[in-house]
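Novice: For reference, the structure I am asking about is given below.
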Amino acid sequence: DFHDVPRKKKKHRKHHYLLDILVGAALVLGVVLFLLSPVFNIEKIEVQGNHYYSDSEVINIATAQKGVSLFWMKGRSQMKEKLLQNPYFTDVKFRCRLPSTLIIRVKERKQVAAIKYGDQYIVIDGTGRVLRKTDVNPDITILKGLTLSRITVGERVRAEESGTLQYMLDMIKETQKGDFYFREIDMSGVIVKAYITKTLLVKCSASQLRKAVADGNLQKVVNKLFKS
């Protein structure tokens, strides 16, 4: 009942490995040439997250250049390093927006106060880190009466009244959250003199001043004075 059925022999096609390699290499070369085309050359550089430095200043510090390919741009680590050498910047990231935009995203330290030191102003952040030195009033709260022993840009300022200094910086950060501003704070004595204007000042201990600000009582009194 069973019959032998002759089976057809399978024909094995020769696999052309060399051809596959050549096709793959051609595709890779085509992609590389496409990415190297002028279409992806940087035509625009955007800066995000900056407040104290302008876009052009950030670009100049980083030495970012137009006309180079987004995908083959060299020196990103060097650009990041140059920016991070500036005490204002705490973080730097790069992004690409096709076809031709480079985005530099920076994170800055916030300047909180300035210490009057001779003819100079030492601008510091909320931890007492020196951000810069300037001969021009930076239009932030000026601290006076401190005894400084070390002033190095990029490092925390060293003052004999370090505890009181940090106490005042924390208090100033609280005022910056609302619409309140101290023009000048004199810490030369036990009693702190905090000037709201040239002629309107508060006299009290550092702890009393901070509590009055934290409770909002000082702001209420000042608002009533201004209204009247």
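Novice: Between Arg76 and Lys107, what length in nm is gained on full extension when 0.36 nm per residue of separation is reduced by their alpha carbon distance?
Specialist: Fully extending the segment from Arg76 to Lys107 adds 9.5 nm.
Novice: Relative to the compact globular guide of 2.2 N^0.38 Å, what is the alpha carbon radius of gyration of the range 112-185, as a ratio?
Specialist: 1.00
Novice: Hey, what did the range 100-228 get for relative contact order, percent, Cα under 8 Å, at least 6 apart?
Specialist: 17 percent
Novice: Calculate, in nm to one decimal, what Ser162 and Leu201 gain on full extension: separation in residues at 0.36 nm each, minus their alpha carbon distance.
Specialist: Full extension of this stretch gives 11.7 nm more.
Novice: Shifting gears a bit: In square angstrom, what is the accessible area per residue of the range 131-188 with a 1.4 angstrom probe?
Specialist: Here the per-residue accessible area is 55 Å².
Novice: What ³J(HN,Hα) values, in whole Hz, does the Karplus curve 6.51 cos²θ - 1.76 cosθ + 1.60 give for the range 129-144 when θ = phi - 60°, with x put for Gly and Pro?
Specialist: With the stated coefficients, the range 129-144 comes to 6, 6, 8, 5, 10, 8, 8, 9, 4, x, 6, 10, 4, 9, 9, 10 Hz.
Novice: Taking 7 Å along the Cα-to-C-beta vector as the label spot, tell me the Asp119-Gln208 distance in nanometres, rounded to one decimal.
Specialist: 3.8 nm
Novice: So, one more: For a quick check of understanding: with a 1.4 angstrom probe and all protein chains in place, what accessible area in square angstrom does Arg105 have, to the nearest ten?
Specialist: Number for this one is 120 Å².
Novice: For the full complex of protein chains and a 1.4 angstrom probe, list Cys96, Cys204 by accessible area with the highest value first.
Specialist: In descending accessible area the options line up as Cys96, Cys204.
Novice: Here's a follow-up. In the range 147-228, carbon and sulfur make up what percent of the accessible area (probe 1.4 Å)?
Specialist: The computed percentage sits at 49.
Novice: Computed over the Cα atoms of the range 85-208, what is the convex hull's projected area averaged over all directions, in nm²?
Specialist: That works out to 9.5 nm².
Novice: Less than 15 Å from a label point 7 Å out along the Cα-to-Cβ axis of Lys173: which backbone N atoms in the range 142-167 qualify, by residue?
Specialist: Counting backbone N atoms under 15 Å from the label point, the list is 156-157, 163-167.
Novice: Largest first, what is the accessible-area ranking of Arg132, Arg97 with a 1.4 Å probe?
Specialist: Ranking Arg132, Arg97 by accessible area, largest first, yields Arg97, Arg132.
Novice: Which FRET efficiency value, to the nearest 0.05, do you get for Gln219 and Glu57 by plugging their Cβ-Cβ distance into 1/(1 + (r/R0)^6) with R0 = 25 Å?
Specialist: With a Förster radius of 25 Å, E is 0.10.
Novice: Now, a different point. Could you calculate the contour length gain from Val68 to Val136, that is, 0.36 nm times the residue separation minus the distance between their Cα atoms, to one decimal place in nm?
Specialist: 20.6 nm
The values are calculated or read from the model by the stated rules, or taken from the named source; none is laboratory data. Not measured: the values here are computed from a predicted model. Neighbour counts are summed over all protein chains in view; Cβ atoms, including those assigned to glycine, are modelled from backbone coordinates with ideal geometry. We work out accessible area using only protein heavy atoms, side chains counted, and drop any ligands, DNA or RNA first. Shrake-Rupley method; radii C 1.70, N 1.55, O 1.52, S 1.80 Å.
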